[in-house]
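The values are calculated or read from the model by the stated rules, or taken from the named source; none is laboratory data. All figures in this text were calculated on a predicted structure; none of them were measured in a lab. Here Cβ is always computed from backbone atoms with ideal geometry, including for glycine, and neighbour counts include all displayed protein chains.
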Amino acid sequence: MDDFQLYINLGLNHVLDWKAYDHVLFLVVLTIFYGFKDWKKVLWLITAFTLGHTLSLTLAAYNIVHIKMTIVEFLIPLTIFITATYNIFKVNSPPKNVRINAIIALVFGLIHGIGFSSYFKILVDESEDKLLPLLEFAIGIEIAQIIVVLFVMLLSYIVLNIFKRSRRDWILIISSIVIGFVIPMLIERKFW
């Protein structure tokens, strides 16, 4: 397998690995408000997240940024918790300004990217150029995120249009379930 395919697959597996489901949980609560008609907004959101993820991973890979992993490992589920809680409070007034949400996704992507940096440093030899592997990895992440979001939007479509459930209830249920998954992560990963 050539390096291009290796790093694309690493990006795919980083998101789609069920053992590291925090990335999927974040994508679910980030995009649960949106349907297929909103695909451009969703693409902006996940691309902003990928840009943040890639930027912080790049800064960490080049040893420009150093943050204690215990803090980052706590902040990752905190970003999920904040997004899910935001959904619950905003369920009756869905987000209209995709730019603000994209900025939030970018900032939260910065946190998530740092979380992967130590593993990425193990994969890439210190002497080799890291930029191309980082870009290939980012492409893999973006493809995987599109897969996850398409699944979320398809599931939402089925629940809302075939089973005729209300969008409000769907958002509340999914966001609450995600909070239920994330609270134990926050407790386990507290750094103080």
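Below are the figures for this structure:
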quantity: Among (1) closer than 19 Å to residue 180 by Cβ; (2) out of contact with any Lys or Arg (no Cβ under 7 Å at 6 or more places or on another chain); (3) not polar (S, T, N, Q), the one test that residue 74 misses; calculated: (2)
quantity: Boolean, residue 147 is in a helix (DSSP H, G or I), of a type in the set (A, V, I, L, M, F, W, C) and out of contact with any helix residue (DSSP H, G or I) (no Cβ under 9 Å at 6 or more places or on another chain); calculated: no
quantity: Search result, residues across the range 53-95 that are of a type in the set (Gly, Ala, Ser) and within 17 Å of residue 24 (Cβ to Cβ); calculated: 84
quantity: Set 33, 26, 49: member being touching a residue at least 24 places away in the same chain (Cβ under 8 Å) and touching a Pro at 6+ places or on another chain (Cβ under 8 Å); calculated: 33
quantity: Index of the failed condition, residue 127 passing every other in (1) at pLDDT 95 or above; (2) among the polar types (S, T, N, Q); (3) surrounded by fewer than 17 Cβ atoms within 10 Å (Cβ to Cβ); calculated: (1)
quantity: Neighbours by Cβ (under 9 Å, 6+ apart or cross-chain): first from the range 77-94, over 16 Å from residue 115 (Cα atoms); second surrounded by fewer than 20 Cβ atoms within 10 Å (Cβ to Cβ) and small (Gly, Ala, Ser); calculated: 84/176; 88/176
quantity: Selection from the range 116-165 of residues that are under 26 Å from residue 66 (Cα atoms) and among the β-branched types (Val, Ile, Thr); calculated: 122, 124, 139, 141
quantity: Matching residues in the range 150-169 - criterion: being of a type outside the set (Gly, Ala, Ser) and outside any helix (DSSP H, G or I); calculated: 163, 164, 165
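Residue-wise test of (1) touching a residue at least 24 places away in the same chain (Cβ under 8 Å); (2) crowded, with 16+ Cβ neighbours inside 10 Å; (3) within 17 Å of residue 53 (Cβ to Cβ).
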{"residue": "112", "(1), (2), (3)": "yes, yes, yes"}
{"residue": "138", "(1), (2), (3)": "yes, yes, yes"}
{"residue": "146", "(1), (2), (3)": "yes, yes, yes"}
{"residue": "168", "(1), (2), (3)": "yes, no, no"}
{"residue": "171", "(1), (2), (3)": "yes, yes, no"}
{"residue": "176", "(1), (2), (3)": "yes, no, no"}
{"residue": "179", "(1), (2), (3)": "yes, yes, no"}
{"residue": "184", "(1), (2), (3)": "no, no, no"}
